[in-house]
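I have placed the structure first, in the form of structure tokens, so that the comments after it can refer back to it.
The values are calculated or read from the model by the stated rules, or taken from the named source; none is laboratory data. What you are looking at is a predicted structure, and each value in this text was computed from that prediction instead of being measured. Cβ sites come from the backbone with ideal geometry, for glycine too, and all protein chains shown count toward neighbours. Just so you know, the surface numbers come from the protein's heavy atoms only, side chains and all, with ligands and any DNA or RNA stripped out. Shrake-Rupley method; radii C 1.70, N 1.55, O 1.52, S 1.80 Å.
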Amino acid sequence: MYEIEQHKVSEAARRDTHLDADGYERLYRQSIEQPDTFWAEQATRFVDWMQPWSKIHESNMDKGEAAWFIDGKLNVSANCIDRHLAKRADQTAIIWEGDDPSEDRHISYRELHQQVCRLANVLKARGVKKGDRVCLYMPMIPEAAFAMLACTRIGAVHSVVFGGFSPDALRDRIQNAECRVVITADEGVRGGKSIPLKQNVDKALADCPDVHTVVTVKRTGADIPWHEHRDVWCHEACAAVSDVCEPEPMDSEDPLFILYTSGSTGKPKGVLHTTGGYLLSTALTHHYVFDYHEGEVYWCTADVGWVTGHSYIVYGPLCNGATTLMFEGVPTYPNASRCWDIVDKHKVNIFYTAPTAIRALMALGDEPVKSTSRASLRLLGSVGEPINPEAWEWYYHVVGDSRCPVVDTWWQTETGSILIAPLPGATDLKPGSATRPFFGVEPALYDNDGNELHGVADGNLVIKRSWPSQIRTVYGDNQRFIDTYFSTYKGVYFTGDGARRDEDGYYWITGRVDDVLNISGHRIGTAEVESALVLHDAVAEAAVVGCPHDIKGQAIYAYVMPMHNATPSDELLADLKVYVSEQVGAFAKPDFIQWAPGLPKTRSGKIMRRILRKIACDELDTLGDTSTLSDPTVVDELIEHRLNRG
Ligand code: 6R9
């Protein structure tokens with residue numbers, strides 16, 4: 001067990017932080033006991049409003065209804081750009097570091113303003129109006145941020161689809177959100193390889209007749225197919241319009257964006273976030289959790305296609321007038337020192353990444369880290385999955401030279417912003433714990449019967465009161481939204497995660513308690529992979545579970561029952577893996593596929609995943625009760641042929 005004292009934040013770090021322990025206690029208490037006073041103060045300090053709100057907040061946690069800063073009007077792009085111009089027009093807003101270490105760009109707030117206005121005018125010229133959905137399928141280039149902000153400027157709702165998704169997955173998301181405009185790039189570049197984004201869009205659009213415009217950013221200049229009536233080059237269109245575009249006054253509860261995430265059914269959910277509450281929460285958490293100080297360089301390594309990229313590359317940092325770094329490549333290209341070379345090159349002060357990246361770099365040894373300076377680093381962050389104490393220690397001691405606090409931040413696509421995390425200088429750290437709730441957040445642990453557990457306990461993590469950046473609905477399916485988040489336990493938000501609370505009130509997230517896997521920090525529903533597998537002609541049935549993986553956290557283990565007329569073979573196995581990549585995306589490709597003569601089912605026909613998980617994890621002595629199975633011999637057969645994961 002680790003001692004708390006071991007990682008007390010050093011006195012030097014404590015001196016300059018926004019808050020100390022008393023400050024955190026005082027503000028947390030105020031946020032719970034006098035929420036209206038607390039939120040009014042924060043909303044005034046962090047966000048500029050075009051029209052003040054009439055009421056701070058209203059919610060009904062039985063139905064998942066929430067409204068924040070009611071009647072308030074604001075514009076997100078004006079908050080992220082225009083209001084900084086008086087003071088910091090020449091300050092760098094975005095540092096872009098290319099995949100190739102010789103390429104970089106510095107975009108000032110002034111240039112950001114011009115670029116966003118131009119792109120907003122292009123969207124307008126193509127008929128995009130307030131409330132319309134625009135799909136973004138982009139690599140990690142500044143134009144991704146320009147496009148997001150251009151949407152917010154005119155009140156369009158963006159739906160960013162991660163560039164690693166396949167054309168089929170992209171098509172489903174374009175159709176679900178009824179997008180008519182797509183913004184993409186000719187190609188993406190990662191680790192020296194190119195990704196055919198425009199070509200993928202063309203494939204996806206074969207089944208999306210309503211899409212009338214594809215705006216394409218020229219990133220590599222590769223030869224790409226072109227459809228005269230539909231496709232426009234971003235640089236040509238932007239050159240033809242004005243660089244002035246007045247920001248649209250938006251209601252605080254107007255939709256800001258849709259972001260698809262995986263759940264326990266095969267169909268991804270379009271998580272909908274709204275304007276005022278989301279912007280305030282991302283700015284507030286960026287300020288306090290990363291202890292952001294004026295002039296600092298902040299780098300979040302996430303992709304803009306995931307929520308971490310939305311909240312902590314774009315919205316939170318830019319709302320705070322920060323300098324945010326965006327990296328196109330991967331941590332190991334051209335070599336294992338890349339991240340630390342970037343830190344030294346751009347004098348990065350705050351570095352935020354995922355445990356899977358930390359573990360991958362840790363496996364390559366200390367030398368690639370030690371050969372760099374990292375003197376500018378002041379704070380380290382972690383997000384996306386539980387960080388094992390070994391990785392935490394390495395991050396703290398080797399990357400941070402035992403000098404930089406590590407903030408382990410727990411949150412979700414649905415929560416919009418960080419809900420549980422230490423505040424540097426205020427919270428003593430424990431490796432592996434996300435520690436304590438952020439302001440206004442009231443977590444609780446429930447047992448499976450819905451009883452709240454008090455004191456030291458292990459249970460299902462729920463959130464008891466509404467917070468500003470809370471998910472408002474699942475786009476187009478409010479019933480599914482209520483069923484998923486507000487029906488498991490009455491009157492509280494169910495996170496889908498399990499957690500333990502220790503004697504100091506610290507939370508330790510133990511992982512998903514539903515059928516969602518976390519592969520290298522990417523959320524994937526087991527049902528999504530299963531649906532892809534059973535679409536293949538040779539597959540009769542499939543069941544997917546997670547098993548532990550040293551670097552990725554979890555790996556995908558699939559049990560596949562072949563069709564009666566199919567012959568199981570190594571070629572077919574390889575085929576199935578490629579097939580899943582095509583259906584969903586390469587990151588969802590099964591690591592292991594075991595042929596199954598049958599799947600263990602209850603007498604009512606439900607697949608017993610618990611048992612499949614135990615077999616995949618080699619935990620045979622705790623298989624549990626198999627007597628309720630309709631055919632228990634299936635289990636012996638699966639055990640006998642289980643795969644060697646070593
Ligand atoms: C931000 C993000 C959410 C799921 C979440 C949980 C896991 C995220 C974590 C963590 C332990 C942390 N998760 N942060 N688990 N410690 N600090 O990752 O959003 O992609 O929606 O994933 O990730 O299981 O429920 P999202």
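Numbers for the structure displayed
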| item | result |
| --- | --- |
| Phi-based couplings in Hz for the range 201-209 (Karplus 6.51, -1.76, 1.60; Gly and Pro marked x) | 4, 4, 4, 4, 6, 4, 10, 10, x |
| Spatial separation of Cα centroids for the range 379-409 and the range 184-207, in angstrom | 34 |
| About the Cα centre, charge dipole magnitude for the range 520-641 (Lys/Arg +1, Asp/Glu -1 at Cβ), debye | 540 |
| Extreme residue, positive dipole direction of the chain, given options 164, 282, 238 (C-beta unit charges) | 238 |
| Translational diffusion of the range 520-641, µm² s⁻¹ [Kirkwood Rh, Cα pairs; Stokes-Einstein; 25 °C; 0.890 mPa s] | 166 |
| Alpha-carbon centroids, the range 288-306 and the range 419-448: separation in whole Å | 19 |
| Helix-derived mean residue ellipticity, 222 nm - over the chain, DSSP H n ≥ 4, -39500 (n - 2.57), to 500 | -8000 deg cm²/dmol |
| Carbon plus sulfur fraction of accessible area for the range 520-641, probe 1.4 Å, in percent | 51 |
| J(HN,Hα) series, the range 557-571, from Karplus relation 6.51 cos²θ - 1.76 cosθ + 1.60, nearest Hz, glycine and proline x | 10, 10, 9, 10, 9, x, 4, 4, 9, 9, 10, x, 8, 5, 5 |
| Cα pair count fraction exceeding 41 Å, expressed as % - the chain | 24 |
| Inter-site label distance for residue 631 and residue 33 at 7 Å from Cα along Cβ, in nm | 6.4 |
| Heavy atoms of residue 428 accessible to a 1.4 Å probe, total area in Å² rounded to 10 | 40 |
| Partner aspartates and glutamates for residue 345 [C-alpha distance under 17 Å; skip if fewer than 8 residues away on the same chain] | 97, 99, 100, 103, 104, 296, 328 |
| Backbone N under 16 Å from the residue 477 label point (7 Å along Cα→Cβ), restricted to the range 246-271 | 258-271 |
| Solvent exposure, largest accessible area first (probe 1.4 Å, DNA, RNA and ligands not counted), of 592, 438 | 592, 438 |
| Accessible surface, 1.4 Å probe, highest first, among residues 306, 299 | 306, 299 |
| Where 180, 472, 465, 403 fall by accessible area, highest first, once all protein chains stay in place (1.4 Å) | 180, 403, 465, 472 |
| The range 54-60 - phi-based ³J(HN,Hα) in whole Hz, Karplus 6.51/-1.76/1.60, Gly and Pro as x | 9, 8, 5, 6, 9, 8, 9 |
| Convex hull per residue volume in Å³, alpha carbons only, for the range 315-439 | 116 |
| Virtual paramagnetic centre 7 Å along Cα→Cβ of residue 364, amide N under 12 Å, in the range 319-334 | 330-334 |
| When each of 87/347; 198/577; 430/614; 267/577; 269/490; 124/198 is checked by Cα-Cα distance, pairs over 28 Å | 430/614 |
| Relative contact order (percent, whole number), the chain, Cα cutoff 8 Å, 6+ residue spacing | 14 |
